[in-house]
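S.K.: Just passing along the structure, written as structure tokens.
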């Protein structure tokens, strides 16, 4: 399959969750490309909604941008989004995120992620079953592994959290939709995305704040857990390729960097760029967390010409620069 991402034909695109971390970066790229973009986002309080508002400040004045503030489960909100015309591509990123919060809110996570995703699928099929759906899945579907690379054909029937279970269910929903309606679907399994605008509950952002404020970082396990951290710019490039490559079927594709980083090494790197030492406190690994992630991206290279180009060190440096600039901006406003 040949990629056609370089083609510049303008498209009509819907992005659910398009005010969030990954979604807002994708919107940046699509607007600069000349696409017409509709965003459906409910600005929920999982973290401070002001963060999302800041993400879309420049989008709101763009003539090709429309924001629908609403819930993917709400029929009237879906009406408002799908009234924007027949979409060429729908990128579905909206979801209740987070492994640990899902442990105590399993039914809610299933309602939003599973029921909400089905409503999105149903709307796409009703409008135009030839619209391409690009679904944002997660490496969490792989469950607990030891040292091997994670491949798309591995079994994913032992998720360790309701969040992971919901994402695995979403992939099955997508396949069922493709099988029964012909809907073209690409499910992208994201591996630990980081970078500017990262959610404040995620490790790199959280650790930067704790180091900056002189507070203790709680390290789960012995500090040797590994994550395949992937810079948001590389993830967005992969999404764009998935939106454009020559394809009318159903695929699951990993998007990672294939270079897992040890937790303690990650903290040391943040210390270096923050120019402050971290205070650590060790705690048992919580339920739902996986000890290790490692993406095999051979399929992404073959189908999407995916080439992650930002090293972990470069990505952390960019994040710290963004963190400091945002902090300085907030302080100047409050003076």
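The values are calculated or read from the model by the stated rules, or taken from the named source; none is laboratory data. None of the values given here were measured: they were computed from a predicted structure. Neighbour counts run over all protein chains shown; Cβ positions are idealised from the backbone, glycine included.
S.K.: How many residues are free of Cβ contacts under 8 Å to residues at least 12 places away in the same chain and under 14 Å from residue 169 (Cα atoms) when one looks only at segment 84-118?
M.R.: 1
S.K.: Go through the residues of segment 40-63 one by one and say whether even a single one is assigned to a strand (DSSP E or B) and within 16 Å of the chain's Cα centre (by Cα).
M.R.: Step one: of segment 40-63, the residues assigned to a strand (DSSP E or B) are 40-41.
Within this subset, residues satisfying the condition of being within 16 Å of the chain's Cα centre (by Cα) are 40-41.
Scanning segment 40-63 turns up at least one residue that is assigned to a strand (DSSP E or B) and within 16 Å of the chain's Cα centre (by Cα).
S.K.: Between a residue in segment 119-132 that is crowded, with 17+ Cβ neighbours inside 10 Å and any residue that is part of a helix (DSSP H, G or I), which pairs come within a Cβ distance under 6 Å, given they are 6 or more apart or on different chains?
M.R.: These pairs meet every condition: 121/177; 123/78; 123/82; 125/181; 131/124.
S.K.: Return the pairs, sorted by first residue and then second, in which the second residue is in a loop (DSSP other than H, G, I, E, B) and loosely packed, with under 11 Cβ neighbours inside 10 Å, the first residue lies in segment 208-222 and is on the phi > 0 side of the Ramachandran plot and in contact (Cβ under 8 Å) with a residue 40 or more places away in the chain, the beta carbons are less than 8 Å apart, and the residues are 6+ apart or on different chains.
M.R.: Sorted first by the residue in segment 208-222, then by its partner, the pairs are 221/284.
S.K.: If you don't mind, another one. With the requirement that a residue be touching a residue at least 24 places away in the same chain (Cβ under 8 Å), in a loop (DSSP other than H, G, I, E, B) and over 16 Å from residue 218 (Cα atoms), what does segment 265-289 give you?
M.R.: Correct list: 276, 288.
S.K.: Just wondering, is there one or more residues in segment 2-19 that are part of a helix (DSSP H, G or I) and either within 30 Å of residue 323 (Cβ to Cβ) or at pLDDT 95 or above (or both)?
M.R.: No, segment 2-19 has no match at all.
S.K.: For residues in segment 152-174 being part of a helix (DSSP H, G or I) and either at pLDDT below 95 or in contact with a strand residue (DSSP E or B) (Cβ under 6 Å, 6 or more places away or on another chain) (or both), which is nearest to residue 244 (Cα to Cα)?
M.R.: Applying the filter and picking the extreme gives 174.
S.K.: Now, a different point. Restricting to segment 177-207, name every residue that is part of a helix (DSSP H, G or I) and touching a residue at least 40 places away in the same chain (Cβ under 8 Å). Spell out the reasoning first.
M.R.: We begin by selecting, within segment 177-207, every residue part of a helix (DSSP H, G or I); these are 177-181, 203-207.
Within segment 177-207, 177, 178, 179, 181, 203, 204, 205, 207 meet the criteria.
S.K.: Continuing with this model, one more query. Give the residues of segment 64-85 that are in a loop (DSSP other than H, G, I, E, B) and in contact with a helix residue (DSSP H, G or I) (Cβ under 7 Å, 6 or more places away or on another chain), sorted by residue number.
M.R.: Just the residues of segment 64-85 that are in a loop (DSSP other than H, G, I, E, B), to begin with: 64, 70-74, 83-85.
Passing the criteria: 64, 70, 71, 72, 73.
S.K.: While we're here: Output yes when any residue across segment 299-307 is surrounded by fewer than 18 Cβ atoms within 10 Å (Cβ to Cβ), part of a loop (DSSP other than H, G, I, E, B), in contact with a helix residue (DSSP H, G or I) (Cβ under 8 Å, 6 or more places away or on another chain) and at pLDDT 95 or above, and no when none is.
M.R.: Among the residues of segment 299-307, at least one is surrounded by fewer than 18 Cβ atoms within 10 Å (Cβ to Cβ), part of a loop (DSSP other than H, G, I, E, B), in contact with a helix residue (DSSP H, G or I) (Cβ under 8 Å, 6 or more places away or on another chain) and at pLDDT 95 or above, which makes the answer yes.
S.K.: For residue 81, which of the numbered conditions (1) touching a strand residue (DSSP E or B) at 6+ places or on another chain (Cβ under 7 Å); (2) on the phi < 0 side of the Ramachandran plot; (3) without any contact (Cβ under 8 Å) to a residue 60 or more places away in the chain fails to hold?
M.R.: With (1) touching a strand residue (DSSP E or B) at 6+ places or on another chain (Cβ under 7 Å); (2) on the phi < 0 side of the Ramachandran plot; (3) without any contact (Cβ under 8 Å) to a residue 60 or more places away in the chain applied to residue 81, the lone miss is (3).
S.K.: On to the next question. Which residue pairs have Cβ atoms closer than 6 Å, lie 6 or more positions apart in sequence or on different chains, and pair a first residue in segment 238-264 that is on the phi < 0 side of the Ramachandran plot and part of a loop (DSSP other than H, G, I, E, B) with a second residue that is modelled with pLDDT of 95 or more and surrounded by fewer than 21 Cβ atoms within 10 Å (Cβ to Cβ)?
M.R.: Going by the 6 Å Cβ cut-off, the qualifying pairs are 248/184.
S.K.: Count, please, the residues in segment 172-196 that happen to be more than 19 Å from residue 137 (Cα to Cα) and under 19 Å from the mean Cα position of the chain (by Cα).
M.R.: Matching residues across segment 172-196 total 1.
S.K.: Could you list all residues from segment 64-83 that are more than 20 Å from the chain's Cα centre (by Cα) and crowded, with 19+ Cβ neighbours inside 10 Å? First the steps, then the outcome.
M.R.: We begin by selecting, within segment 64-83, every residue more than 20 Å from the chain's Cα centre (by Cα); these are 64-66, 74-83.
65, 78, 81, 82 - these are the residues of segment 64-83 that are more than 20 Å from the chain's Cα centre (by Cα) and crowded, with 19+ Cβ neighbours inside 10 Å.
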